[in-house]
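Heads up: the structure comes next, in structure tokens.
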Amino acid sequence: MKIGKHLIGIRGLSKADITHILDTAEKMKEISDRPIKKVPALRGKLIVNLFFENSTRTRSSFEIAEKRLSADSLNFSASTSAVQKGETLLDTVLNIERMQPDAYVMRHASPGSCKFISNYVKGSVINAGDGAHEHPTQALLDAMTIREKKGGFEGLDILICGDITHSRVVRSNIHLLKTMGANVTVAGPATMIPPHIDKMGVKVETNFDRALKGKDVVMMLRIQLERQTKNLFPSMKEYYLTYGLTEERFKLAAKDAIVMHPGPINRGVEISSEMADCRESVILDQVENGVSVRMAVLYLLMGGGEDEASN
Amino acid sequence: MKLLIKNGRVVDPFSGTDETLDILVSNGKVLSINKKIAVSKDIEVFDATGMIVAPGFIDLHCHLREPGYERKETIESGLAAAMYGGFTGVCPMPNTDPVNDSAGVTSFMIEKAKKVSPVRIYPVGALSKEQKGEELANYAEMRDAGIWAVSDDGRPVMNSQVMRKALEYAGSLGLLVIDHAEDINLVAGGSMNEGEVSARLGLRGIPAEAELIQIRRDTALSRLTGQRVHIAHVSTKYSVEAVRMARKKKIPVTAEATPHHFSLTEEMVETFDTNYKMNPPLRTADDVKAVIEGLSDGTIDCIATDHAPHAWEEKMVEFDRAPNGIIGLQTAVPLAIENLVLPDKISLKRMVDAFSTAPARIIGLGDKGRIEVGKEADLTIFSLKKETLLKKEDIKSLSKNSPFIGRKIKGAVMAVVIGGELHRLREK
């Protein structure tokens, strides 16, 4: 079953598509436990990792996924590229295109940039984060982690708290979790919640304590230090006081609630150290699942056969 | 040689005329208007049967880019687009390089225009020196060189004291002040309308309130000074209401709307096609409805294009990095026909008024916007039945940044008459 040519966003994927990706990711997970962590599924395919924005976690995760599927990969980062010399995004991509890549994994600060590029290339485009628009593989690895811990999505109460306005993780997660039947609440100060976000089918709550009540999943978002200068909140200390996840606050959530975070975490800003490292925290499971999910996505988009993957 | 426009439906909002008439033109002027004017050998005849004959259309708001940005557009290419779009006169905005804040630049534009096109230009001078919003530009010097209004257009005047003084001083000289009403602090780097779609796409939004607040300020200053203010490209429901309310209070405010703001909605941005990026941004269906109602009841006086050419490579970038605006001179009339007149949302007479009589009145062109014996013959002749298929190669602008390329739009401009000269633009 194909899930399409590109993965630009979660929006547009069906429940069946998402389930299929997650099922495939589960199969992929086993490969990482083998002594020789490699299958020949994408042998001879060239994948270009186009990162116009810094990333450690996502890029490493994609690179490992590519290597485990035996693809050849090329890393392209903006700091060492022609972008610095004033080349446009489209020109950069058209140049690389002549080197016959089979797929692009792209991260860029502008919403819609992956969609834009997908109109001009032959291969697949996988969005690794485009501004505040989408970050589909993050939502998929979050979903994989939730499914592992909770068994499914139907009726789950999920809270996402932090800078909703600037978060691509939130948007992909909302699309995914709503499609899978979960209830989603977003929380944070109103300075960081875009008006009309409720039209995406989520509840909006500015009081963190009230938002936490009875939640099965609590997902905290990274607070970017530079936002402080834009009057989104007055200080880190004040943010922690009102929206930091502490052990005391976490008691408000459901008994068997789990704690998630897309990383990198700011201890003492959006989450206390105790909460980051607690038994209920699945933050490192998310990282681990990231590789499996990205293997699944690359494999499904680039058209490998099912048998090959399980070899 | 005389020119006879035969058997057209003459619609002149100024006199209230709406009937099938012949118009005889001689020496650049209208010689007679009658039911049947006899044809003779020394008369060139244009058979306007089935067509509308209107006073020449005037665009209050366009960007011709020359001097300074000749890669995007020149006065020659821009005026060619204007003529093909049915405009016999246009008002180029001052954001050229150098900015049109002096008699030198104004004269250059006027002289250049005379050389390259019969289309008339009525330049808009800068409201402030270099459009910086600080010191008033030399209005009298520019007026004597040929400007008809002042505006800082794309760079909204944030300082209310500067705006007050501009209104007072321009008023003293008989010049109109046009404001791109937008609170740039509230815009905060946004690149589309703030709403459901921006929330979903993660693009920074521009709230309708950014426009509303500045319109309220402008109308308050208009009341304070007793001077006229013209609001450029009204795009939201709140803005239409604010203008309507000010009018009720007899504040001398006028307003314009662009074809894209009555034809397109913010949903188009989902494509991330930068030809849907403009300022003010495309708004919601509710806003489009309100803009159309405003045009219908006259709250919004006129239709202006905000023709904004940008080179291909400038628009072929990430959405939030692309410049604002689309070309509009060649699509304005068909879009008004298709979206306003044919669905019966505004009358044909109101549409003609919005394109000719109203802009002429607003900018103070006493003899324009009317068809009258003894006056210069500037006419726009169009068909409600013909269709316009906008092909890239038919675009006269140097820039092709239009979301309407390849689209069939009902209505077509057939010919214009400028100073008595007939220009046939399309086969019947």
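The values are calculated or read from the model by the stated rules, or taken from the named source; none is laboratory data. Just so we're clear, the structure is a prediction, and the values are computed from it rather than from any experiment. We place every Cβ from the backbone using ideal geometry, glycine too, and count neighbours over all the protein chains shown.
Annotations for the structure displayed:
- Scan segment A:164-218 for residues that are surrounded by fewer than 18 Cβ atoms within 10 Å (Cβ to Cβ) and either in contact with a Ser or Thr (Cβ under 6 Å, 6 or more places away or on another chain) or at positive phi (or both) and the total you get is 6.
- Scanning segment B:198-235 for residues that are over 21 Å from the mean Cα position of the chain (by Cα), touching a residue at least 12 places away in the same chain (Cβ under 8 Å) and part of a loop (DSSP other than H, G, I, E, B) gives B:203, B:204, B:207, B:226, B:227.
- One residue from B:344, B:353 being assigned by TED's automatic domain parsing to the domain that holds residue B:253, modelled with pLDDT of 95 or more and over 20 Å from the mean Cα position of the chain (by Cα): B:344
- Among residues of segment A:134-153, those that are among the basic types (Lys, Arg) and within 13 Å of chain B (Cβ to nearest Cβ), counted: 0
- Residue match in segment A:54-64 (condition: outside any loop (DSSP other than H, G, I, E, B), over 16 Å from residue A:137 (Cα atoms) and either acidic (Asp, Glu) or over 19 Å from the mean Cα position of the chain (by Cα) (or both)): no
- Test: residue in segment B:42-61 that is at pLDDT 95 or above, surrounded by fewer than 16 Cβ atoms within 10 Å (Cβ to Cβ) and assigned to a loop (DSSP other than H, G, I, E, B): yes
- Across segment B:320-346, the number of residues qualifying as within 14 Å of chain A (Cβ to nearest Cβ) and crowded, with 24+ Cβ neighbours inside 10 Å comes to 0.
- For segment A:104-133, taking the residues that are among the charged types (D, E, K, R) and touching a strand residue (DSSP E or B) at 6+ places or on another chain (Cβ under 6 Å), the one that is farthest from the other protein chains (Cβ to nearest Cβ) is identified as A:107.
- Scanning segment A:77-101 for residues that are away from every other protein chain (no Cβ under 14 Å) and either modelled with pLDDT of 85 or more or in a loop (DSSP other than H, G, I, E, B) (or both) turns up A:81, A:95, A:96, A:97, A:98, A:99, A:100, A:101.
- Search result, residues across segment A:275-311 that are aliphatic (A, V, I, L, M) and either surrounded by fewer than 14 Cβ atoms within 10 Å (Cβ to Cβ) or modelled with pLDDT under 95 (or both): A:284, A:302, A:309
- Here residue B:284 meets each of (1) more than 14 Å from every other protein chain (Cβ to nearest Cβ); (2) surrounded by fewer than 23 Cβ atoms within 10 Å (Cβ to Cβ); (3) of a type in the set (Ser, Thr, Tyr) with one exception, condition (1).
- If you go through segment A:1-40 and keep only what is loosely packed, with under 12 Cβ neighbours inside 10 Å and not in a loop (DSSP other than H, G, I, E, B), you end up with A:16, A:30, A:33.
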